[in-house]
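Engineer: Dropping the structure in here first, questions after.
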Ligand code: SF4
């Protein structure tokens, strides 16, 4: 059992806002009730200098005591619709301290009051305690539980994620949320080269995801930023898995600032990620039906194009033209949003109306300069077609 030092802090601001909804976790708005994390996963990116987390990462926990009341104030003023995502790579919202502090419970009540769609990202089955409110939110505005899991047995998990919930507890939490009608997804990341990033483990995870009927399973590899994060991980690797050290040195020897592995490893793994999704029939990106009608249409389009690029990248299909179209589209949306932002009288809904007008006039191509992508956008905006994350194609459904 870990013993922690609690450090209470008052915050002035809670919500971080993104111009375009994140394809990774649907965040338009995001926040974390804690900083640092007693789960103490050995690979945690939150230890990296980039995040300036002070003290001992898994012992000195900052508790944002007044967060619920500031959240209430800020939610009453938001002008743009979208998901609120709770959790980050620097802290788990349901780490054990939440059991006594109840900040998440209070936030859930406030989010319910404001009828916003919510995403929670965690490695803890404590989220089940609040299933009553999350279930209510799901019926009102939408709720997605994203649980990370990269292990098919608890022995390996215990060494690497010592204070997070067991594999069994996580799967059972996902099942309970699914049974109550919520959307669920597995963040199958970070797979650790040679340890959990093995064909056998990955395919068993895919099977586990299929059996628990999750809506998606998003795979990803380990990043090791040079500095504290990489040093701590290598220290543990040397004591638990000395036989793998030399291969890790090859994979992470380039010391990229982002912590990304060398290209040879990425290519090898991307192939397995695609196979995981194809064999299990579980989408490797957040499916369109989860955010359809819950975010603005201009955000839906951004999410579809971005997730399409991820699927193609995994499959080794060239995406340079698609990438260009995505950046032209994003620049256009952000410029239009700035103009709306400057005037209190204007509303973000105008942007969806403009998008509809452009599609009806077949003018999207003048902005993104890509006929195929313009055609796809038109199908989603005008005909409300749905993008399928497994086949990578659009489908028509009756509303
Ligand atoms: S649960 Fe997440 S934030 Fe907490 S230590 Fe593990 S990886 Fe880091």
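Throughout, read-outs are computed from the coordinates displayed, never taken from laboratory work. Computed from a prediction, not measured in an experiment: that's the story for all the values here. Glycine also receives a Cβ, built like all others from the backbone with ideal geometry; neighbour counts cover every protein chain displayed.
Engineer: To the nearest 500 deg cm²/dmol, what mean residue ellipticity at 222 nm is calculated for the chain from DSSP H runs of n ≥ 4 alone, each contributing -39,500 (n - 2.57), summed and divided by the residues?
Structural biologist: The helix contribution divided over the chain gives -13500 deg cm²/dmol.
Engineer: Once you order the gyration tensor axes a ≥ b ≥ c over the Cα atoms, which shape class does the chain get: rounded for a/c under 1.5, otherwise prolate or oblate by comparing a/b with b/c?
Structural biologist: It comes out oblate by the Cα gyration axes.
Engineer: Quick one: grab Rg to one decimal and Dmax as a whole number for the range 285-324, Cα atoms only, in Å.
Structural biologist: Both quantities, over Cα of the range 285-324: 11.0, 31 Å.
Engineer: Quick check: Cα centre of the range 245-321 to Cα centre of the range 65-97, how many Å?
Structural biologist: Going from one Cα centre to the other spans 27 Å.
Engineer: Count the DSSP beta bridges whose two residues both fall in the chain, then state the antiparallel fraction as a percent rounded to the nearest 5.
Structural biologist: 20 percent
Engineer: Follow-up question, since we're still on this one. If you look at just the Cα atoms of the range 256-320, how large are its Rg and its Dmax in Å?
Structural biologist: Reported Rg and Dmax, both Å: 14.0, 40.
Engineer: Tell me, 334, 110 in order of fewest to most beta-carbon neighbours within 10 Å?
Structural biologist: Going from least to most buried by this count: 334, 110.
Engineer: In percent, what relative contact order does the chain have, based on Cα pairs under 8 Å that are 6 or more apart in sequence?
Structural biologist: 14 percent
Engineer: I need the shape label for the range 279-356. Rule: rounded when a/c is under 1.5, else prolate if a/b > b/c, else oblate, with a, b, c from the alpha carbon gyration tensor.
Structural biologist: Since a/c reaches 1.5 but b/c is at least a/b, the shape of the range 279-356 is classed as oblate.
Engineer: I would also like to ask the following. Assuming a ≥ b ≥ c are the square roots of the Cα gyration tensor eigenvalues, decide whether the range 157-215 counts as rounded (a/c under 1.5), prolate (otherwise, with a/b larger than b/c) or oblate.
Structural biologist: Judged from the Cα gyration tensor, the range 157-215 comes out oblate (a/c at least 1.5, b/c at or above a/b).
Engineer: Given that compact globular proteins tend to follow 2.2 N^0.38 Å, what is the ratio of the alpha-carbon Rg of the range 244-399 to that value?
Structural biologist: In units of the globular-protein estimate, the range 244-399 measures up at 1.24.
Engineer: Can you sort 306, 391, 274, 198 from fewest to most other Cβ atoms within 10 Å of each residue's own Cβ?
Structural biologist: 391, 198, 274, 306
Engineer: Take every Cα pair under 8 Å in the range 12-138 that's 6+ residues apart, average their separations, divide by the length, and report that relative contact order as a whole percent.
Structural biologist: So the answer I get is 29 percent.
Engineer: May I ask you to derive the relative contact order of the range 249-399, considering only C-alpha pairs under 8 Å and at least 6 residues apart, and to give it as an integer percent?
Structural biologist: 25 percent
Engineer: With only alpha-carbon pairs counted, each pair once and no self-pairs, how large is the Kirkwood hydrodynamic radius of the range 28-138 in angstroms?
Structural biologist: 14.5 Å
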